[in-house]
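The values are calculated or read from the model by the stated rules, or taken from the named source; none is laboratory data. Worth saying up front: this structure is predicted, and the values here are computed from it rather than measured. We place every Cβ from the backbone using ideal geometry, glycine too, and count neighbours over all the protein chains shown.
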Amino acid sequence: MSRHSSWAEVKRRMREAHPEVSEAEWEARRQAARTATEAHVLGHHLREIREEQGLTQAQVAASVGITQARVSQIERGEIHNLETMRTYAAALGAKITVSIEYGDRTIGAA
C-alpha cells in the first residue's frame, strides 16, 4: 500500500477536520490560493524580463514612479491593481492586454 494519500483523500480529511467550513468557503479559499499563485508567477516573469533587459529595480521604479521596495513587492507577486501593472509593463517596453472570454468568443476589453 502506498504511503502517499490521494488528493481526494487529503480533501476529505480536511473537510472532516473542519466541518464548520462551508463548501462555498472551501471554494473561496481555493480561488484565493489560485490567484496568489498566478500573481507570484506573473511577478517572477516580470523580474525575468527586467533582468533580461539589464535593468535594476531602482531603474524600473524611477520609470514607473514607485519605490524600489514596491518593485520588489510586485516581483514577489504582491500585485494589487491593473494600472500599476500597465505602467510597470510599459517601463519594460511591454504592454498588458485585457480580454473577456465568454464561451467561444474573446472580446478585447482594454
- prompt: Looking only at the stretch 66-100, which residues are within 17 Å of Thr37 (Cα to Cα) and among the basic types (Lys, Arg)?
  reply: Arg76
query: Taking the condition modelled with pLDDT of 90 or more and among the hydrophobic types (A, V, I, L, M, F, W, C), does Ile79 pass?
result: no
query: Could you list, in sequence order, the residues of the stretch 51-79 that are out of contact with any helix residue (DSSP H, G or I) (no Cβ under 6 Å at 6 or more places or on another chain), closer than 11 Å to Leu92 by Cβ and touching a residue at least 24 places away in the same chain (Cβ under 8 Å)?
result: Gln53, Leu55
message: Residue under question is Glu83, and the condition is that it be acidic (Asp, Glu), free of Cβ contacts under 8 Å to residues at least 40 places away in the same chain and more than 30 Å from Ala109 (Cβ to Cβ); does it hold?
response: no
query: Is at least one residue of the stretch 29-37 of a type in the set (A, V, I, L, M, F, W, C) and in contact (Cβ under 8 Å) with a residue 40 or more places away in the chain?
result: yes
